[in-house]
Amino acid sequence: CSDELDSPWLLARPVDYPLEPPALFSAKGRVELLVAPIENAFENVLEAYTYNKKPDWRYEEEWRITSFKRPGETGTVPDSPLNPLHFTKIYLGPLIESEDKAKILEVVNSDMPHTIVYDVEFGLNRKFIFSEIKNS
């Protein structure tokens with residue numbers, strides 16, 4: 001992410017992979033949620049569900065952003081402009097549909113030639129194998 005590009009990725013936060021789930025997921029945590037002011041309750045639920053995953057997923061080292069529509073925006077999600085320079089690498093998962101892969105490669109080849117694209121597949125040992133797809 002980049003200040004110069006006014007990147008929405010500057011809002012990203014790392015996901016936590018706690019051994020024990022957040023308190024919200026316990027009976028006591030749910031009771032506290034029920035008596036909390038609505039703004040705090042909403043924020044706590046959003047935080048717990050957005051930024052926590054089971055430790056099995058730690059290898060992803062994932063970062064996430066939560067965002068809402070701003071005044072004047074239409075539709076159901078915010079529309080944050082993305083500069084093609086925001087992307088340097090794209091990883092296409094092992095289950096991607098061939099049509100989706102073709103569309104992504106078309107956009108990369110026409111608008112993002114600086115971006116490296118990788119095919120990702122599972123090896124025999126269940127580890128990921130990354131193969132660079134050369135720009136056409």
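What is the dipole size for the chain, taken about its Cα centre, with +1 at each Lys and Arg Cβ and -1 at each Asp and Glu Cβ, in debye to the nearest 20? Provide the component values of the computation, followed by the final result.
Details: 15 positive and 23 negative charges, 85 e Å.
It works out to roughly 400 debye.
Round to a whole number: what % of the accessible area of the stretch 28-136 belongs to carbon and sulfur, probe 1.4 Å? Show your work: numbers first, answer last.
Numbers: 4980 of 8620 Å².
Carbon with sulfur: 58 percent of the solvent-accessible area.
Apply the a/c threshold of 1.5 to the C-alpha gyration tensor of the stretch 56-111 and tell me whether it is rounded, prolate or oblate. Could you put the intermediate results ahead of the total?
Working: a/c = 1.91, a/b = 1.27, b/c = 1.51.
Oblate, since a/c reaches 1.5 and b/c is not below a/b.
Under a 10 Å cutoff between Cα atoms, tell me which one of Asn109, Asn125, Asn44 has the largest fluctuation in the Gaussian network model of the chain.
Result: Asn125 has the largest fluctuation of those listed.
Do any trypsin sites (Lys or Arg not before Pro) in the stretch 87-136 lie in a loop, going by DSSP, with at most 11 other beta-carbon atoms within 10 Å of their beta carbon, and if so which?
Listed in order of number, the matching sites are Arg126, Lys127, Lys134.
Rank Tyr17, Tyr59, Tyr51 by mean-square fluctuation in a GNM of the chain with C-alpha springs under 10 angstrom and give only the top-ranked residue.
Result for the chain, Cα springs under 10 Å: Tyr59 fluctuates most.
Accessible area per residue for the chain in Å², computed with a 1.4 Å probe and the full protein assembly in place, what is it? Mind showing how you got there, number by number?
Working: 10560 Å² over 136 residues.
For the chain, the per-residue accessible area is 78 Å².
If you wrap a convex hull around the alpha carbons of the chain, what volume per residue comes out, as a whole number of Å³?
Numbers: hull volume 23.2 nm³, N = 136.
Expressed per residue, the convex hull around the Cα atoms of the chain is 170 Å³.
Output the 0 to 90 degree angle, nearest 10, between the alpha-carbon long axis of helix 38-50 and the longest principal axis computed from the alpha carbons of the chain.
40 degrees
Setting aside same-chain residues fewer than 8 positions from Lys54, which lysines have a Cα under 17 Å from its Cα?
none
Quick one: among Pro14, Pro84, Pro71, which has the greatest mean-square fluctuation in a GNM of the chain with alpha-carbon springs under 10 angstrom?
Pro71
Specify the longest stretch of the chain that does not include any exposed loop site, a site being one of the GluC sites (Glu not before Pro) with a non-H, G, I, E, B DSSP assignment and at most 15 other Cβ atoms within 10 Å.
Values: sites that count: Glu4, Glu61, Glu62, Glu73, Glu97.
The segment 5-60 is the longest one with no such site.
The values are calculated or read from the model by the stated rules, or taken from the named source; none is laboratory data. These numbers were taken from a predicted model, which means no experiment stands behind them. Please note: Cβ atoms are built from the backbone with ideal geometry, for glycine as well, and neighbour counts cover all protein chains shown. What goes into the accessible areas is simple: the full protein's heavy atoms, side chains included, and nothing from ligands, DNA or RNA. Shrake-Rupley method; radii C 1.70, N 1.55, O 1.52, S 1.80 Å.
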